[in-house]
Amino acid sequence: MKNISILGSTGSIGVQTLEFIAKAKKEFKVCGLSAGSNIELLKEQISKFKPLTVSLDSEKNAELLKKWCISKKYKTKVYFGKEGLNRVATIKSVDMVLSSVVGAIGLEPLLCAIKAKKNIAIANKEALVMAGSLIMQTAKENGVSVLPVDSEHSAIFQCIGKENKKSIKRILLTASGGPFYKSTKDFKDITVKDALAHPTWKMGKKITIDSATLMNKGLEAIEASVLFDIPIDKIDILIHPQSVVHSMVEFNDGCVMAQLSNPDMTLPIQYALSYPNRKNCYIKRLDLAEVSKLEFFNPNFKKFKCLQIAYNCAKIGGTMPAVMSAVNEVAVKYFLAQKIGFDMIPKIIETVVKQHKVIKSKNISKYIESDLWARQQAEIVIKNLI
């Protein structure tokens, strides 16, 4: 049996992971869970899985949950904030930590888990974008595996297999295109409702907006570069509306390997948790005759400016990707609150990254400082706009 901790258990990936584990109780045991403020859903998860340790975002919520646990006679220990996340990430009996929190808050507990020699299933792309080289180096030093949970990176991982990295010509990272890749609507007229209407995937709000701007694909390109130690200029984006081909790898001899399946996150979640074994998965099986056609288009970098910004920042490296990701988080938050327009997201990111003096360091504090600086600058830029 494999003991699991989940950082971000009430989010989309966390919920789907627990649904999978509920069907595989003989193979996995949930030892730790962390959530933000969704205390009611966390209560349901505690009742079902009886974890050793849980964490919430605030002391107030933690106190409420402690009282509830006592009333139910549960022995679950309750913590909050950064300390709580770190405790959930480093439970002694845990074999693997699934990091599915959204944003830079996932970086510190991720590194704590790696230093505690826990294998990692990673769905927290912002942490990899923020300090990917540091994460992968720390994992190497501690003999820890970092397995991708995003469908695209899982696909790349499976396509590469045991191939020598030097035999890879390029990675073809597929993107659904979100709701606007064919749209002629002016970006300044796009509403929150429009942007949240993803045609293929059901995800959290932040990642859904990132998919609409294509920033998500820029973040994933950086993530792929870090995970597989491949230069960013060897990673190409392809719009693939059917979301059946989850990504491809082209090798030096011209061979292109692809991983195909119906769009369902259960498969990459299960593969990461069960690796190196393949288990029976209860998703709908792929029927290519039913799919009928698979389409591929080049992305429009001029239309989706966030994608170009992400590539530019990746090429600069150092703390620049961390700054870009942090500003994007702030801009998306303001868009969801309907305080800025959809078209303002790339403008705000571009304004702040131009102000940043890049630092190249192996010290985590430099990335955290850059992240905080970027958030503060983003707030200033946005307040001047509104």
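Bridges between two residues of the chain, per DSSP, are antiparallel at a rate of about 25%.
Only lysines eight or more places from Lys193 in sequence, or on another chain, were considered; those with a Cα closer than 17 Å are Lys185, Lys202, Lys205, Lys206, Lys333, Lys339.
Structure remark: mean-square fluctuation, Gaussian network model of the chain, C-alpha springs under 10 Å; the largest value among Asn328, Asn119, Asn312 belongs to Asn312. Here Lys162 is the anchor, and no lysines lie within straight C-alpha reach of less than 17 Å, apart from those fewer than 8 places off in the same chain.
Element breakdown for the range 241-370 at a 1.4 angstrom probe: carbon and sulfur atoms account for 51% of the accessible area. Using 0.36 nm per residue and subtracting the Cα-Cα separation, the extra length available between Asp253 and Ala116 on full extension is 45.3 nm. Under the simplified labelling scheme, the Gln376-Lys234 pair shows an inter-label distance of 3.9 nm, with each label point 7 Å from Cα along Cα→Cβ. In terms of accessible area, using a 1.4 Å probe and ignoring ligands and nucleic acids, Asp236, Asp186 rank largest first as Asp186, Asp236. Our summary gives the range 305-386 a relative contact order of 40 percent, counting only alpha carbon pairs under 8 angstrom and 6 or more residues apart.
The modelled label-to-label distance for the pair Leu260/Lys188, using points 7 Å beyond Cα in the direction of Cβ, is 4.4 nm. Taking each residue as 0.36 nm, the span from Gln137 to Asn300 lengthens on full extension beyond its C-alpha to C-alpha distance by 55.3 nm.
Of Lys188, Lys50, Lys333, the residue with the greatest mean-square motion in the GNM of the chain, using alpha carbon springs below 10 Å, is Lys188.
Judged by the mean number of other Cβ atoms found within 10 Å, the most tightly packed of the peptides 165-178, 295-308, 147-160 leads the ranking 147-160, 165-178, 295-308. In this rough spin-label picture, where each label sits 7 Å from Cα along the Cβ direction, the Lys383-Lys82 distance is 2.3 nm. Extension gain, Lys279-Ser47: 0.36 nm per intervening residue step, less the Cα-Cα distance, totals 80.9 nm. Ordering of 12-24, 60-72 by packing is 12-24, 60-72, highest average first (other Cβ atoms within 10 Å, averaged per residue).
The values are calculated or read from the model by the stated rules, or taken from the named source; none is laboratory data. Predicted model, so just to flag it, every value in this text is computed and none were measured. FYI the Cβ positions are ideal-geometry reconstructions off the backbone, even for glycines, and counts take in every protein chain you see. Quick note on the areas: whole protein, heavy atoms, side chains included, nothing else; ligands and nucleic acids left out. Shrake-Rupley method; radii C 1.70, N 1.55, O 1.52, S 1.80 Å.
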